[in-house]
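A quick write-up on the structure given underneath.
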Amino acid sequence: VTAITRPAAAEPAADTGDYQGVWVYIEQFQGKVRNVGLELLGEGRKLAGAMGQELAAVVIGEGVEPLARELFASGADKVYLLEGAEYKHYSTDAYTIALTDLITAYKPSVILMGATNDGRDLGPRVACRVGTGLTADCTSLGIDEETGLVAWTRPAFGGNIMATILCPNHRPQMGTVRPNVFKRPVPDTSRSGELVRVASKVKAEDIRTKFIELLTLSETASCNLDEAQFIVSGGRGMGKPENFALIEELANVLGGAVGASRAAVDAGWKPAIHQVGQTGKTVAPKVYIACGISGAIQHLAGMSTSDIIIAINKDADAPIFKFADFGIVGDALDVLPVLIEEIKKL
Ligand code: FAD
């Protein structure tokens with residue numbers, strides 16, 4: 001079901017035409033671009049093409065100028081660069097001021113951001129400061145034929161409908177987009193563009209939080225579903241929470257992350273951050289191993305873009321086998337220990 005929200009009084013505000021260009025906010029971590037930024041450049045290129053406008057990337061950080069080349073190669077015509085020690089670690093205050101100032105100065109028509117922890121923190125706050133709306137957690141984007149506005153589509157009412165939302169009266173049109181719903185563009189290293197260095201106006205006293213410590217990545221790797229190359233997921237078929245130790249061990253041996261079906265999350269076997277699917281995360285690893293998962297449509301919605309899907313299920317007729325590239329019919333509690341031992345030998 002698709003619902004399109006069209007406000008009754010859809011008269012554009014007089015000055016919306018002053019806003020030009022599609023922007024992608026590039027999230028970086030320790031000087032490395034998060035994949036979602038590149039995915040959004042690919043999609044932003046299509047929107048900018050359809051609107052006849054330029055595509056710009058916005059990077060905020062310390063020592064991040066070398067990223068510009070990668071962003072041009074991935075489709076940006078222009079890169080706005082804001083650098084300073086105050087941006088070394090993400091902080092709500094510094095980044096909000098920086099992005100708000102940039103929007104006020106350069107007036108983009110559209111801003112795409114990743115629906116990551118940082119994007120979900122930054123996007124709504126900036127939207128509020130610049131007096132516009134934001135469509136959160138989108139799973140597809142397009143152009144509304146009638147109005148030429150960006151059509152932001154996202155699950156609504158617990159995933160029971162897909163709502164398409166337009167932003168007719170305010171600018172910029174803003175939205176956060178789930179990681180992994182779009183493919184990264186193939187880089188074209190012959191592309192170049194314009195680098196715009198912007199001076200920072202953030203003062204130390206503007207930042208109300210203090211950076212204390214960065215937790216080591218190994219402590220959080222099993223939750224990093226967004227960027228994992230291998231994901232091992234468990235469902236109700238794992239039987240009880242203790243059996244998830246096998247899922248965790250296989251993920252660990254592969255250097256991957258742990259996923260779960262909603263049934264496993266609802267049973268309290270894994271926290272919700274591990275849930276894959278329509279109301280969980282959308283993932284796109286190289287290899288997705290589904291253990292004791294039936295293959296409900298809502299689960300498939302979150303993992304069907306994985307390069308290779310391997311299913312372990314004791315029911316040979318389980319729907320997941322229709323979508324899997326490789327299937328093992330058997331009890332996951334028997335198969336997983338063998339798989340773990342064999343992979344350890346490699
Ligand atoms: P089941 O469907 O119960 O499947 C268990 C499977 O394990 C079976 O195929 C069985 O043969 C197999 N099995 C049993 N024992 C073993 C064993 N020892 N070894 C191997 N295999 C075994 N679900 C999600 O996952 N993610 C979502 O984001 C999500 N969003 C939803 C949103 C909405 C609006 C709705 C209505 C539903 C949503 N669901 C979601 C729920 C979804 O419909 C399914 O109920 C859910 O995915 C089922 O989880 P499961 O495959 O683990 O369990």
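The values are calculated or read from the model by the stated rules, or taken from the named source; none is laboratory data. Here the structure is a predicted model, which means the values were calculated and not measured. Heads up, the Cβs are rebuilt from the backbone with ideal geometry, glycines too, and the neighbour counts pull from every protein chain shown. We work out accessible area using only protein heavy atoms, side chains counted, and drop any ligands, DNA or RNA first. Shrake-Rupley method; radii C 1.70, N 1.55, O 1.52, S 1.80 Å.
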Name every residue in segment 58-104 that is out of contact with any Asp or Glu (no Cβ under 9 Å at 6 or more places or on another chain) and acidic (Asp, Glu), in order of residue number. 70, 101
Can you tell me how many residues within segment 78-98 are part of a helix (DSSP H, G or I) and farther than 17 Å from residue 34 by Cα? 8
Single residue of 344, 281, 314 found to be surrounded by 16 or more Cβ atoms within 10 Å (Cβ to Cβ), among the basic types (Lys, Arg) and in contact (Cβ under 8 Å) with a residue 40 or more places away in the chain: 281
Given the residues 121, 101, which is the only one that is in a helix (DSSP H, G or I), surrounded by fewer than 20 Cβ atoms within 10 Å (Cβ to Cβ) and free of Cβ contacts under 8 Å to residues at least 40 places away in the same chain? 121
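Could you identify the single residue in 164, 176, 209, 189 that is hydroxyl-bearing (Ser, Thr, Tyr) and either assigned to a helix (DSSP H, G or I) or closer than 30 Å to residue 248 by Cβ (or both)?
176
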Kindly provide the set of residues from segment 256-311 that are out of contact with any Phe, Trp or Tyr (no Cβ under 6 Å at 6 or more places or on another chain), among the β-branched types (Val, Ile, Thr), farther than 14 Å from residue 181 by Cα and more than 10 Å from the ligand (Cβ to nearest atom), ordered by number. 258, 273, 289, 308
Subset of segment 297-309 that is among the aliphatic types (A, V, I, L, M) and open to solvent by 40 Å² or more (accessible area, probe 1.4 Å) - its residue that is nearest to residue 257 (Cα to Cα): 308
Quick one: in segment 252-269, which of the residues that are within 21 Å of the chain's Cα centre (by Cα) and without any contact (Cβ under 8 Å) to a residue 40 or more places away in the chain is most open to solvent (accessible area, probe 1.4 Å)? 262
Condition (residue is away from the ligand (no atom under 13 Å from the Cβ), out of contact with any helix residue (DSSP H, G or I) (no Cβ under 7 Å at 6 or more places or on another chain), touching a residue at least 24 places away in the same chain (Cβ under 8 Å) and open to solvent by 70 Å² or more (accessible area, probe 1.4 Å)) applied to segment 223-246: is it met by at least one residue? yes
Pull up segment 317-340, narrow it to residues that are assigned to a loop (DSSP other than H, G, I, E, B) and small (Gly, Ala, Ser), then point me to the one that is surrounded by the fewest Cβ atoms within 10 Å (Cβ to Cβ). 330
Hits in segment 104-118 (condition: open to solvent by 20 Å² or more (accessible area, probe 1.4 Å), touching a strand residue (DSSP E or B) at 6+ places or on another chain (Cβ under 9 Å) and over 20 Å from residue 21 (Cα atoms)): 118
Give the residues of segment 81-98 that are open to solvent by 20 Å² or more (accessible area, probe 1.4 Å) and either among the aromatic types (Phe, Trp, Tyr) or within 18 Å of residue 131 (Cβ to Cβ) (or both), sorted by residue number. 90, 97
